[in-house]
Amino acid sequence: MALEFRQQLRLTQQLVMTPQLQQAIKLLQLSRMELVDLVREEMLENPVLEDQADGSAEPKEEREKVSSIDTQAKMADPGNGERSTKEVPTDGKTASDIDWETYLDSYTMSPAVPSMRQQDDDLPTLEATLSSQSSLTEHLMWQLKLSGFSKEEEAVAEQIIGNLDPGGYFREPSLEEVAEMTGVPLDLAESVLQALHKFDPVGVAARNLSECLLVQARHIGTDDDVLVAMVTRHLHNLENKNYQAIAKDLKQPLEEIYEAAKVITALDPRPGRQYSQDEVRYITPDVYVYKLGDKFFVVPNDDGLPKLRISNFYKSALSNGEQTTREYVQTKLRSAQWLIRSIQQRQRTIIRVTESIVKFQREFFERGIGFLRPMVLRDVAEDIGMHESTISRVTTNKYVSTPQGIYELKFFFNSAIGRSNGDDIASESVKNKIKDLVSEEDPRKPCSDQAITKLLKGQGIEIARRTVAKYREQLGILSSSKRKQVF
């Protein structure tokens, strides 16, 4: 079999993901906070980039420095101004030269102390200067140091406190394992645990829900036989509000069961919750939608985003530096320019998508969530001439401030629910109607999923019972049996 070499020309098309394109796609799907972090990181790695807000005052200060030096030179020679500027001083510098060492030293000095100082009465209190609240562990350890425990007891307590979950429960390791690790008898470890139960918050370090509720009931003096039996044997019936079954098993009047249930519901099932370290999540909108007259305007939110520009210092280094320096600056300069363009393109794309959403959902922006229309990604993609995947990236983790509140851009894309009059309604509008029906129901006779289905059908909304149940769960609304109030 003979082997031979041939040359052939073939025309093909393929998509090449350049590093610049990958960066643009990455920027497009980042949230606002992630974008700020990425820009800050790029500014640290790329010296060519600088924040325009930080460097805006530098030219003015530089002009003031030059003006000050010129003035001092003229004051030193009160004669003819023209002649004095042409004369060369003894140190070999002209009057217009700047002492850059002095300039940089003064430029990096800390800002002056304000001339107007606050009085002691105007200063905030010590409590107002705390940056964060104490954690559950810190709060318990502070109480432990004041409890007069022995060294052995303190070692056991520290082991228990260090293994509490966010709800304040002591689930792992077991008390036997703690006693073995600290080398103390089990009865001593049990006594330490009982002492921790009385710490603030009461019921902390309980091993299960029943123990937690019993500790709190004993603390307030309501631990009668009926309540203890309900907590130890009938928590599942309490959850389902099946009070008849509890009364039948305990052979007690139903009114007695109601009174005990009132006390139990007032107790805290998660005593460590108030010391949770979960921070409040603040949402900063990416764009604002304002209504002026009969028109809506989309305005980008640039607050907090660094205003990037190319450093003038490195621009001069590009023309005056050595070959190695120029190559380095050119590489960083291209990277900086592409980053700035990608951020600008990202902002323009978000604005175009938001303007298209306003176009399709105008009734929502004017009248509220009840007038939200069904819409899919394809509608906006075809309207602005982009791919659906791009629209999906743009609307993820991006928020818009509207006259109706702050919403994620994804919120405006939802499925359609059929109506008897032929017009479809958005699924989010149906969820809002379910929420309204639940809020207006009689707490003693809550609406079941089937009843909500009939009420919606009376409003012309054709929806199945299982769909109502799914929407109710998404809204965090309990079932009718758990919403029912019997006392």
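I need the fraction of alpha carbon pairs in segment 287-412 separated by more than 17 Å, rounded to a whole percent.
On the way: 5067 of 7875 pairs.
Of all Cα-Cα pairs in segment 287-412, 64 percent lie more than 17 Å apart.
Just check segment 256-354 against the gyration tensor rule for me: Cα atoms, a ≥ b ≥ c as the square roots of the eigenvalues, rounded for a/c under 1.5, and otherwise prolate or oblate depending on whether a/b exceeds b/c. Spell out each step's value before the answer.
Values: a/c = 5.67, a/b = 2.18, b/c = 2.61.
Taking the square roots of the gyration eigenvalues as a ≥ b ≥ c, segment 256-354 is oblate.
Scaled to the compact-protein estimate 2.2 N^0.38 Å, what is the alpha-carbon radius of gyration of segment 416-483, rounded to two decimal places?
Numbers: Rg = 11.4 Å, N = 68, 2.2 N^0.38 = 10.9 Å.
Taking N as the residue count of segment 416-483, the ratio is 1.05.
For SER342, what charge total do you get from the other residues with a beta carbon under 12 Å from its beta carbon, if Lys and Arg give +1 and Asp and Glu give -1?
Working: positive: LYS26, ARG341, ARG346, ARG348; negative: GLU42.
So the surrounding residues net to +3.
What percent do you get for the relative contact order of segment 416-483 when only Cα pairs under 8 Å and 6+ apart count?
Values: 60 pairs, mean separation 24.9, N = 68.
Result for segment 416-483 is 37 percent.
Using unit Cβ charges (K, R positive; D, E negative) and no other charged atoms, how large, in debye to the nearest 20, is the dipole of segment 416-483 about its Cα centre? Walk me through the numbers before you get to the answer.
Working: 14 positive and 10 negative charges, 68 e Å.
The calculation lands at about 320 debye.
Can you give me the Kirkwood hydrodynamic radius for segment 150-306, using every pair of distinct Cα atoms, in Å to one decimal?
Numbers: mean 1/r = 0.0519 Å⁻¹.
Computed over segment 150-306, the radius equals 19.3 Å.
What pairs in LYS431/LYS484; LYS433/LYS484; LYS295/LYS457; LYS251/LYS445 have C-alpha atoms more than 24 Å from each other? Each step should come with its number before you reach the end.
Values: LYS431/LYS484 21 Å; LYS433/LYS484 20 Å; LYS295/LYS457 35 Å; LYS251/LYS445 26 Å.
Violating the 24 Å Cα-Cα cut-off are LYS295/LYS457; LYS251/LYS445.
For segment 203-273, what does the alpha-carbon gyration tensor say about shape, rounded, prolate or oblate, given a ≥ b ≥ c as the root eigenvalues, a/c under 1.5 as rounded, and a/b over b/c as prolate? Show your work: numbers first, answer last.
Numbers: a/c = 2.11, a/b = 1.73, b/c = 1.22.
Prolate, because a/c is 1.5 or more and a/b exceeds b/c.
Is the shape of segment 349-487 best called rounded, prolate or oblate, per the rule: a/c under 1.5 gives rounded, else a/b larger than b/c gives prolate, else oblate, with a ≥ b ≥ c the square roots of the Cα gyration tensor eigenvalues? Before the final figure, lay out the partial values.
On the way: a/c = 2.49, a/b = 2.04, b/c = 1.22.
Taking the square roots of the gyration eigenvalues as a ≥ b ≥ c, segment 349-487 is prolate.
Which one of GLN159, VAL184, HIS219 has its Cα pushed farthest toward the positive end of the charge dipole of segment 137-273, where Lys and Arg give +1 and Asp and Glu give -1 at the Cβ?
HIS219
Explain nothing, just the number: dipole magnitude of segment 331-407 about its Cα centre with +1 on each Lys and Arg Cβ and -1 on each Asp and Glu Cβ, in debye rounded to the nearest 20.
480
Computed from the coordinates by the stated procedures, all read-outs in this text should not be read as laboratory data. Every value quoted in this text rests on a predicted model; they were computed, and no experiment measured them. Here Cβ is always computed from backbone atoms with ideal geometry, including for glycine, and neighbour counts include all displayed protein chains.
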